[in-house]
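Presented below is the structure to which this report refers.
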Amino acid sequence: MRGIRGRYGQHRILETDPALSMHLLDTKLFSEATFYKFLEKYKFLIIKPLVGPQEVRITVNEEVIELATGIEVFHFSSNEETYNFLIQQVCTGKYYIVQASHTNPSILRYYRFTLHRKSPKTTWRIVGSTSVEDGNDPQYHAWKLASSVTAAAKKLGAAFPDCHTIVVEVVKDHFRDFRITDTILHERNSKWSQYHSLHQKRALRRFLPATDLCTKHTLLAFLNTYPEVVIKPCVGQQGRGIVKISSTDDSTFEVHEKQRRKVLDDFEQLFSYVRQQYLSQKDYIVQQRISLIENDGKPCDVRVITQFDEGKWIVTGQVVKVAAKNYFVSNRASKLLTLENALSNQQNEGLYNRCAKLIEKVCTKASKRLFKNNGKLSIIGYDIGVDKEGMVWVIEGNYAPSLSMFYMFDNNEMHKNISYYIKKNKKSD
């Protein structure tokens, strides 16, 4: 059974399993009729798009209906007034679901469990669990809920055979009862799925920056561990939406996106800003910021291209990108360098030879792992970081990498080499 992507399609798949259906919230496609019916039946409703993190919570009191967007709170005196606001201000341009909650969602505890499988034929395993809001350790709950969240992943995995990473959100009330409130498919272009695919290979783990889903709890934990962190959309390209967050000496926080910087006074203010500007729009990961080597005071990383050739993965191109002035990522590059030129300026004897061999080894191992997990890959573009100690880090891989930088660099020789293998792979398809 192949499923229809989106929250409602996933809900319909899960409710066919009697053991899971008892843990699901009453959920319907949002319409005028279903909205009015839910208002008559329940005191607490949640409106969500079919895809994406946006959420509106509605509380029905005796004389007023409260609608909270996460940014603002509105009050209405009638069902009609509430519905008209929703269709004019909230539920625009997308399809939505309406979901019932038997208890006020604001007092419940939400946990997210990440499940991953190495291939369509292997079993699902819980590989991560985190609290959404508070600091409670979800590991105890993971042990309690393992069979149910694994059953949910198995059911969805059968419907979506190309998906190997699924996040299951669970809510627990004060009676220790639980409900599955959300499921999110992280397919091969998701950074969260890619991270777990690479993390399954023990030999690659030490080359991966610490990474987690970005929630209030994980963002605070990362900022308490690392002086700088980066948040990134799970699905995104060309550096869009990537943000650096730094703890400052006076206990404030600096948010740096592109050339813009903003200082916030405390963590509550920081998270409110992050949620409003970023988390309400897309699902994000939070990642340890690597202290990259620099050129003229600007951070730089290495773009490495690997390609599949006659049963093996080979490196066919690599170039160092130097970030533009006041940028912390190199997607906006001020110049391009050879790896040898970039590393020879670091005053670290033997750095080039050591890193060049390690980069090739790590990228080919990573490509083998991603190919095994995803298949249907013939080219991968990696952003590889080299820190000031000479350690190599796999920042991320891209399955449709831009090749324009190679066309403009090194007399076009690397671009010709990459193009040769692209044509060769097309002929063999």
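Numbers at a glance
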| item | result |
| --- | --- |
| Sole residue being touching a helix residue (DSSP H, G or I) at 6+ places or on another chain (Cβ under 6 Å) and surrounded by 15 or more Cβ atoms within 10 Å (Cβ to Cβ), chosen from L264, L292, L270 | L264 |
| The stretch 396-419, residues that are at pLDDT 85 or above and part of a helix (DSSP H, G or I) | S404, M405, F406, E413, M414, H415, K416, N417, I418, S419 |
| Residues satisfying the stated conditions in the stretch 36-59, i.e. of a type in the set (S, T, N, Q) and either at pLDDT below 95 or not in a strand (DSSP E or B) (or both) | Q54 |
| Subset of the stretch 11-53 [of a type in the set (S, T, N, Q) and closer than 23 Å to T103 by Cα] | S21, T27, S31, T34 |
| Which listed residue, of T211, T252, is surrounded by fewer than 22 Cβ atoms within 10 Å (Cβ to Cβ) and among the hydroxyl-bearing types (S, T, Y) | T252 |
| Of all residues in the stretch 67-83 being surrounded by 14 or more Cβ atoms within 10 Å (Cβ to Cβ) and within 15 Å of I47 (Cα to Cα), the one that is modelled with the lowest pLDDT | G70 |
| For A333: the one exception among (1) in contact with a strand residue (DSSP E or B) (Cβ under 6 Å, 6 or more places away or on another chain); (2) at pLDDT 90 or above; (3) of a type outside the set (K, R) | (2) |
| Residues satisfying the stated conditions in the stretch 96-116, i.e. farther than 19 Å from L39 by Cα and touching a strand residue (DSSP E or B) at 6+ places or on another chain (Cβ under 7 Å) | L108, R109, Y110, Y111, R112, F113, T114, L115, H116 |
| All positions within the stretch 11-35 that are among the acidic types (D, E) and not in a helix (DSSP H, G or I) | E15, D17, D26 |
| Given (1) in a strand (DSSP E or B); (2) among the hydrophobic types (A, V, I, L, M, F, W, C); (3) under 21 Å from the mean Cα position of the chain (by Cα), index of the condition V235 fails | (1) |
| Qualifying residue in the stretch 265-281 (condition: within 30 Å of E413 (Cα to Cα) and not aromatic (F, W, Y)) | no |
| Filtered residues of the stretch 38-83 (kept if in contact with a His (Cβ under 8 Å, 6 or more places away or on another chain) and β-branched (V, I, T)) | V64, I65 |
| Residue among D387, D283 that is closer than 28 Å to V229 by Cβ and over 22 Å from the mean Cα position of the chain (by Cα) | D387 |
| Strands (runs of 3 or more DSSP E) lying entirely in the stretch 60-137 (those with 3 or more residues that are in contact (Cβ under 8 Å) with a residue 60 or more places away in the chain and closer than 24 Å to D26 by Cα) | 96-101, 109-116 |
| Restricting the stretch 369-390 to residues that are in contact (Cβ under 8 Å) with a residue 24 or more places away in the chain and assigned to a loop (DSSP other than H, G, I, E, B), the residue that is surrounded by the fewest Cβ atoms within 10 Å (Cβ to Cβ) | K388 |
| Long-range neighbours under 7 Å by Cβ, at least six apart or interchain, first residue more than 14 Å from Y278 (Cα to Cα) and in the same structural domain as Q277 (by TED's automatic domain parsing) within the stretch 249-261, second assigned to a loop (DSSP other than H, G, I, E, B) and among the β-branched types (V, I, T) | E254/T248 |
| Set Y327, Y278: member being assigned to a loop (DSSP other than H, G, I, E, B), touching a residue at least 40 places away in the same chain (Cβ under 8 Å) and crowded, with 19+ Cβ neighbours inside 10 Å | Y327 |
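This table checks each residue for (1) β-branched (V, I, T); (2) touching a helix residue (DSSP H, G or I) at 6+ places or on another chain (Cβ under 8 Å).
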{"residue": "Y42", "(1), (2)": "no, no"}
{"residue": "P49", "(1), (2)": "no, yes"}
{"residue": "G52", "(1), (2)": "no, no"}
{"residue": "V56", "(1), (2)": "yes, yes"}
{"residue": "E63", "(1), (2)": "no, no"}
{"residue": "T69", "(1), (2)": "yes, yes"}
{"residue": "V73", "(1), (2)": "yes, no"}
{"residue": "F76", "(1), (2)": "no, yes"}
{"residue": "E80", "(1), (2)": "no, no"}
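The values are calculated or read from the model by the stated rules, or taken from the named source; none is laboratory data. Just so it is clear, the model here is predicted, and its values are computed rather than measured. FYI the Cβ positions are ideal-geometry reconstructions off the backbone, even for glycines, and counts take in every protein chain you see.
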